[in-house]
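The values are calculated or read from the model by the stated rules, or taken from the named source; none is laboratory data. Small disclaimer: the values here were computed from a predicted structure and weren't measured. Please note: Cβ atoms are built from the backbone with ideal geometry, for glycine as well, and neighbour counts cover all protein chains shown.
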Amino acid sequence: MDVLSADWTEICRRIVAAQRAIFEEVRGVEARTAYEGVGEGGDRTLVIDRRCEDAVFAELEVLAEEGASFVAVSEERGEVSFGAGGPARVVIDPIDGSLNARRTLPSHSLSIAVASAASMAGVEFGYVYDFGAGEELAARRGDGASLDGSPIGVGADGDKLELLGVEAAEPNRALASLGALADRVYRLRVIGSIAITASYVAAGRLDAMLSLRPCRSVDAAAAQLIVREAGGEVAFGGLRLDEASLGLDARYPIAAAAGERGLAIARSAQ
């Protein structure tokens, strides 16, 4: 079985259903603050992170039993080979926006990307599920992007941005960076999930987004395809897409926008 030809939309929907059950069971702030060591991505791992990742890996194990070979790249378990491994990658962030999930803020997401090679350029399918809004954003390379099954596209490019999404917005980083946006951005929005924020650019809800510190491949792999398939632009610092690795150790700034002018504005603050 070729992992790229699997019905990833249905696989992802089953994972969302399993994760919804976990969040329903573990509802309160106190219940969601239990930690379980440190994940391979370097962050402290919540028990709900592990359980949500287990829901993903249960589906991956089924694919492997059906003969698929690939490497999973996941925030908690790291890089795990299934079957013979090979060039195909499944890049997973079981909870993008873990701090929001821990504090029971609704804006957190599942992010899954499926790639034919080990770089952002190789991503063939991207899926982001926004648990707060209950919305599914997805894209397949060459087929456009969708929101709950309906086509979406970015907004208009311009020399001033009405809404800019900012991630990794620690005050010290923001103070050092956001002066570059004066008179070029009308309002800022801080959502708390890179995958959601970038996907909102794809849906025309935000004009652009940026992360004020380098992000990991698991945060951005799915959403960057959704943005590009919606007609937008994505930048990983000075790297080409084929230079931006899907490896768990990769770190790079991300910016996304409706067009080149908006992208330049967002990148000016990085």
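Return yes or no: is Gly204 outside the structural domain of Val73 (by TED's automatic domain parsing), in contact (Cβ under 8 Å) with a residue 40 or more places away in the chain and touching an Asp or Glu at 6+ places or on another chain (Cβ under 8 Å)?
no
Among all residue pairs at least 6 apart or on different chains, which show Cβ distances below 8 Å where the first residue, located in segment 43-63, is crowded, with 20+ Cβ neighbours inside 10 Å and outside any helix (DSSP H, G or I) and the second is of a type in the set (Lys, Arg) and modelled with pLDDT under 95?
Leu46/Arg32; Leu46/Arg102
Of the residues Asp159, Asp93, which is part of a loop (DSSP other than H, G, I, E, B) and more than 18 Å from Arg189 (Cβ to Cβ)?
Result of the check over Asp159, Asp93: Asp159.
Quick check: is even one residue across segment 143-165 over 28 Å from Ala21 (Cα atoms), without any contact (Cβ under 8 Å) to a residue 12 or more places away in the chain and not hydroxyl-bearing (Ser, Thr, Tyr)?
Yes; the residues of segment 143-165 include at least one that is over 28 Å from Ala21 (Cα atoms), without any contact (Cβ under 8 Å) to a residue 12 or more places away in the chain and not hydroxyl-bearing (Ser, Thr, Tyr).
For residues that are modelled with pLDDT of 80 or more and of a type in the set (A, V, I, L, M), scanning just segment 11-38, find the one that is farthest from Leu99 (Cα to Cα).
Only one residue fits best here, namely Ile11.
Say we look at segment 139-176 and pick out the residues that are closer than 19 Å to Leu241 by Cβ and of a type in the set (A, V, I, L, M, F, W, C); which of these is nearest to the chain's Cα centre (by Cα)?
Among those residues, the one meeting the criterion is Ala139.
Which numbered condition trips up Val123, out of (1) without any contact (Cβ under 8 Å) to a residue 12 or more places away in the chain; (2) within 17 Å of the chain's Cα centre (by Cα)?
So Val123 meets the others, but not (1).
For segment 1-10, give me the residue count where each residue is assigned to a helix (DSSP H, G or I) and touching a Leu at 6+ places or on another chain (Cβ under 8 Å).
1
How many residues, within segment 99-126, are touching a helix residue (DSSP H, G or I) at 6+ places or on another chain (Cβ under 6 Å), assigned to a helix (DSSP H, G or I) and surrounded by 22 or more Cβ atoms within 10 Å (Cβ to Cβ)?
1
Any idea how many residues of segment 76-93 are under 22 Å from Ala244 (Cα atoms) and either hydroxyl-bearing (Ser, Thr, Tyr) or crowded, with 18+ Cβ neighbours inside 10 Å (or both)?
9
When only residues in segment 204-231 that are buried (at least 24 other Cβ atoms within 10 Å of the Cβ) and among the small types (Gly, Ala, Ser) count, which is nearest to Leu161 (Cα to Cα)?
Per the stated criteria, the residue is Ala208.
Just a yes or no: is a residue in segment 182-201 within 12 Å of the chain's Cα centre (by Cα), aromatic (Phe, Trp, Tyr) and outside the structural domain of Gly132 (by TED's automatic domain parsing)?
Yes, segment 182-201 has at least one match.
Among the candidates Asp96, Asp148, which residue alone is surrounded by 24 or more Cβ atoms within 10 Å (Cβ to Cβ) and of a type in the set (D, E, K, R)?
Checking each option against the conditions leaves just Asp96.
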